[in-house]
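Note sheet for the following structure.
The values are calculated or read from the model by the stated rules, or taken from the named source; none is laboratory data. This structure is a prediction, so every number in the text was calculated from the model and none was measured. Reconstructed Cβ throughout: ideal geometry from the backbone, glycine too, with neighbour counts over all protein chains shown. All accessible areas refer to the heavy atoms of the entire protein, side chains included, with ligands and DNA or RNA removed. Shrake-Rupley method; radii C 1.70, N 1.55, O 1.52, S 1.80 Å.
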Amino acid sequence: MLVVAVLLIPALTVTNKSLTPAAQSYLGIDGSGYEWSYESVDALDDLDDDVKYTSFYEDSRDLVAAYYAAGPDGGYWRVDLLDLAYGAEVASGTDVSDALDLYILIGWSNAPGYQGWLPDFIKDPNGNGVYIPSDNYQWVLVICVYDTGNYKVMDYNWNTVADQSSGQVKVAFTSQWDFIELWVSSDVLSNYGWSQNTQVWYRVVTTWTDSSGNKWLGDVIHNDDFSDDTWDSPPIFSTDNVGTAKVAFVHHGNQALTDNRALNDPNSTNSYWYILKIHENVSDLANRPIPVTIHMSGTLLSSFLWWQPEFIDYVKNLTDAGVVELIGGVWAEYITAYFPDDINRPSIEYYSGMLNRTFGVTPVIAWIPERTWDDNRTGIAGTLASAGIKAVILDGNTHHDDWDGDGNHWKPHRYNTTYTGGANLWVFFIDWNMQQYVLSNTDGGADINLRREWAWFAKNGDQHHVLIYADDWEKAAGVAGWDAGNPERYEATIRWVAQHPWIQVVRLGDVVSWLEAGDWTYDDGYYCGYDTYQYIKDWVQDYPYDYRRAYDGWYWGTSSEEAYSSLGPDSSPALAENVKSVGDVWTSGTVLGDLYTALRNAPSNHFRDLAMLTLWAMAYETAWHDDADWDGDGLQDVSGWEMAFAQRLRYTNVLIEAANWLASPSTGARLEDIDWDGVDEVVLTSDRFMAVIDPVGGTVPWAFAVGPDGVPYQVVGPTMDYYTGDCCRPDYWNGSTAHVGLFDDKWLDALSKDYSGDTYTIKAYGTDARGCAYATLTSPDGVIEKTIRACPGYEGVVAEYSINATKIQELGGPLPANLYIRFSASPDVEDLLLGDDVSISTPYGPTTPYVEVSNPSARAGRDVTLAVSVNQTSAGYQNIYNVGNYEKWTMKYVWEYRIELPSTGTYNLTIAAASDPTQAPQPVPEPWAVSAIILAVTVSMVLWLVRASRE
């Protein structure tokens, strides 16, 4: 891997260079251009400037650049052509008998003689021979290249002094990379007064031969009109300098918080990984960084930290080497145009902090989700500036041309400081040609449209420009539905660029530094009220207002587009269990309106921060639509996966209530529709623990704790993860498509029954004689009854199970039977989002199961450990198995116990989850629960969570 210091790539300017750029020891005539450096480029040519025109293989004669380097073994030259077609040097057709010959006329001071006439009776447009005046640097030697196996060097007296058979001259053609390399031995050159330190001048000529054998000038460097049959323009000098085309390659990775490994197989060319490998490998070949700019949504970064931390290590190494540049933005890719400053700014700041924590970088550039910009509505420019962002990337053909049509979108703009609180906010614009053609090739190299654009900008008098490719990372990787051949085409483009050093690949952060230092000029006073990219405008149908705000047609609907804001109990299809429509932050009585009000009123603490993370994550790709009417209502619909996010926006309220509890903890049990699904949950609280019990499954999908040091953390049920694509399914706390909480009654084999989706009856709730908050729930068939308690002074809950064996028999179930109960642990959810993983150990055997789930929480500064132990406490024999099969899901681990139920009798078990399970509290039964249940099996489970100090 390339390891270099991270330095600012300088903005190349015209300066004097050494007389003879030294040829590196590995400079070869081999068709590989990586070793050619910028210092060797001496001239650039205008395109489409034929001296004598014929369309036959025209682009193969069109000169682009000329190079020279000197080494102890001789002189090296290189000529770049617009499109060196395979076989152009021997091609014939129509009135052309030979489409391409190449001549390089070389000279230096104090040679024994000079020649002014061009060789081989080359004709100018007038049909005459071409003469270089004696006062205009005539040539000493000329390299004549007729084809890959026929070339020679002649001196000023027309003597052949080397040819293809002599070993004193070498030529290599590469049609894929579009250049010709040449070398002449120092033995030949020195006979005419050349040395390695000699200043050299030279001219480059391409010709074509007509059917009568006449050779005509095709293209020359430097250009001349040859009106008087003389070449009056000066030659190329080995000390000349050229400009560069500044380009940047930006990839935007946008995925939700889920398992994204299918998009990032390290062994596949179709992966995020491979796009970075291209830049790493090409940087190694070029012996200089060929950088790539990467934006990972915060949810994608958290996904990688959880599922592929080795990929994050790889990205960090490339960042340290200067190959990868990371840019920021909001933490999750919700559309900022529909949220105000107090939602957007914390999101930007949070993600900047996350990048700094993970990679040691502080981003100065922000990616705008779907590039849907609305400064008029949300003041996003000022928000970005106040959050420490110095630049954004928008679209040249919309955000620029719609608002500054007379300007130059290749040049950086400074946003009108009236809207940024006086701070600099630089705006870079995506180049449409770059976006359209980077993933397209011509003859296995960069697309010819880009070659033309790059060559023009390299010669441009204003060198303060940057041509930006920016698009989905998934697109270049050929994943998530994109063309699987894209990585190969992208790699060909990057390799072509890296072998043409008059193209300067920049990091946009470096450009910001040049702007801030006053080294670059810019367009000032730019303002964009609102706009989006062109495809959005094309996709949104029948938007009746200003199409620069076309995205509003997805959010609030049109005559042809379903309104995202209307999704809810009355939409088609309805959002399952939502009692309010999604709405917007400005409308009370809607999910977003009421959440925004609650967030503004919530105390500022850790759980409010998690509520913000949840809102950002569940507003992902806000209002995104399919180009289809999949429910048959005549409207183009919100995407199914987007409806799944919208359905769970309401979970934000659970975290808001946790924030309220944390600000004023107390012990108690209450019924409250905490997740806004139209059904009351039981909320158990103590001074150290809060548990939400959902009647669905009678389980605990969310739990929160406060450690002995007062540090709060969520222990069960991350609300930021995307765990199902089913938009309309009710809350369901188990299975591969949903959450697992605590005390999830997964399976009773005697009845072949999964209780996870059953609605339990809340039989009682309140405070028991010991001062513990409790709730008792019963399964619909009466087989399972459980009491869950939260007691003062403890970070946990207690569950006592009573399984009615008689009822099992009445329902036709055989005994003995097995009950499977599942648990999940997410010890310190935010710390897991930020990159810490957990370890699991099972130090005891299967009949005395014990599980430790531990997270060395960097956020809390200590270990968070969930130690679960099962012990038999009553007479009789009972087997209890830790089934194992620990499942790593996004931000959680799930495992299962199997409890063997005997045919008759009553017995007790205690399951304690704690750093010291022997300290589990002994619950006091309620008066109504004292009477025995005949032929019942009673299982007491105590789930305990304690933070253990890091050893």
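Some observations on this one:
- Neighbourhood net charge (15 Å Cβ-Cβ; Lys/Arg +1, Asp/Glu -1) for residue 891: -3
- Taken per residue, the accessible surface of the range 548-676 reaches 31 Å², heavy atoms only and a 1.4 Å probe.
- Taken per residue, the accessible surface of the range 274-320 reaches 25 Å², heavy atoms only and a 1.4 Å probe.
- Our coupling estimate for the range 517-531, obtained by passing each phi through the Karplus curve with A = 6.51, B = -1.76, C = 1.60 and θ = phi - 60°, is 7, x, 7, 10, 8, 7, 8, 10, x, 5, 9, 10, x, 5, 4 Hz, Gly and Pro reported as x.
- Note on the chain: dipole from Cβ charges, positive end direction compared against 213, 463, 142; the farthest Cα belongs to 463.
- Rounded to the nearest 20 debye, the dipole magnitude of the chain is 3420 debye, with +1 charges on Lys and Arg beta carbons, -1 on Asp and Glu beta carbons, and the Cα centre as origin.
- FRET efficiency, 1/(1 + (r/R0)^6) with R0 60 Å, evaluated for residue 806 and residue 449 via beta carbons: 0.15
- When each of the peptides 89-95, 186-192, 140-146 is scored by the mean number of other C-beta atoms lying within 10 Å of its residues, the order from highest to lowest reads 140-146, 186-192, 89-95.
- Model label sites at residue 472 and residue 516, defined 7 Å from Cα along the beta-carbon direction, differ in position by 3.3 nm.
- Protection proxy ranking, peptides 102-109, 570-577, average beta carbon neighbours within 10 Å, highest first: 102-109, 570-577
- Dividing the convex hull volume of the alpha carbon atoms of the chain by its residue count gives 198 Å³ per residue.
- Between amide H atoms placed 1.01 Å from N, distances below 5 Å from residue 817 occur with 901, all of them 5 or more places distant or on a separate chain.
- Surface per residue (accessible, 1.4 Å probe) for the range 31-107, Å²: 27
- Ordering 635, 740, 774 by the projection of their Cα atoms onto the charge dipole of the chain, which places +1 on the Cβ of Lys and Arg and -1 on the Cβ of Asp and Glu, puts 774 at the extreme positive end.
- The accessible-area ordering, largest first, of the residues 170, 753 stands as 170, 753, per a 1.4 angstrom probe.
- The Cα trace of the range 126-179 gives Rg and Dmax of 14.1, 39 Å, the first to one decimal, the second as a whole number.
- Note on residue 222: accessible area approximately 50 square angstrom, rounded to 10, probe 1.4 Å, nucleic acids and ligands left out.
- When peptides 359-366, 173-180, 759-766, 75-82 are ranked by their average number of other Cβ atoms within 10 Å per residue, the highest-first order is 75-82, 173-180, 359-366, 759-766.
- Using distinct alpha-carbon pairs, which all enter the 1/r mean, Kirkwood radius of the range 225-303 in Å: 16.7
- Residues whose amide H comes within less than 5 Å of that of residue 648, counting only those at least five positions distant or on another chain, are absent (H built at 1.01 Å from N in the peptide plane).
- Accessible-area value, residue 349, 1.4 Å probe, nucleic acids and ligands omitted, Å²: 80
- Whether the range 586-625 is rounded, prolate or oblate, judged on the alpha carbon gyration tensor where a/c under 1.5 counts as rounded: oblate
- For residue 663 and residue 900, a Förster radius of 45 Å and the Cβ-Cβ distance give a FRET efficiency of 0.50, rounded to the nearest 0.05.
- For the range 81-165, the alpha carbon positions stretch 42, 36, 23 Å along the principal axes, listed from largest to smallest.
- Calculated P(r) of the range 532-660 - Cα pairs past 19 Å, %: 49
- Beta bridges assigned by DSSP with both partners in the chain are antiparallel in approximately 80 percent of cases.
- Other residues with beta-carbon under 14 Å from the beta-carbon of residue 808 carry, at +1 per Lys or Arg and -1 per Asp or Glu, a net charge of -4.
- Phi-based couplings in Hz for the range 711-717 (Karplus 6.51, -1.76, 1.60; Gly and Pro marked x): 7, x, 6, 8, 10, 9, x
- Between 663, 711, 690, the Cα set farthest toward the positive side of the dipole of the range 652-720 (charges on each charged residue's Cβ, about the Cα centre) is that of 711.
- Annotation: amide H of residue 329 within the under-5 Å range of 352, 367, sequence separation 5 or more or interchain, hydrogens built in the peptide plane.
- Derived scalar couplings between HN and Hα for the range 276-281 equal 6, 4, 4, 5, 4, 5 Hz in order, rounded to whole Hz, by the Karplus curve 6.51 cos²θ - 1.76 cosθ + 1.60 (θ = phi - 60°), x for Gly and Pro.
- In the range 434-536, the C-alpha radius of gyration followed by the widest Cα-Cα span (Dmax) gives 15.9, 43 angstrom.
- Residue 216 accessible area, assembled protein chains, probe 1.4 Å, Å²: 40
- Rolling a 1.4 Å probe over the protein heavy atoms of the chain, with every protein chain left in place, gives an accessible area that is 47 percent carbon and sulfur.
- Each Lys and Arg contributes +1 and each Asp and Glu -1, all at the Cβ; summed about the Cα centre of the range 430-578, the dipole is approximately 560 debye.
- Stretchable slack from residue 631 to residue 752, in nm (0.36 nm times residue separation minus alpha-carbon distance): 40.1 nm
- Candidate residues 806, 767: accessible-area rank, largest first, probe 1.4 Å: 767, 806
- Distance violations [Cα-Cα > 18 Å] among 746/786; 411/537; 123/215; 753/807; 246/411; 277/316: 411/537
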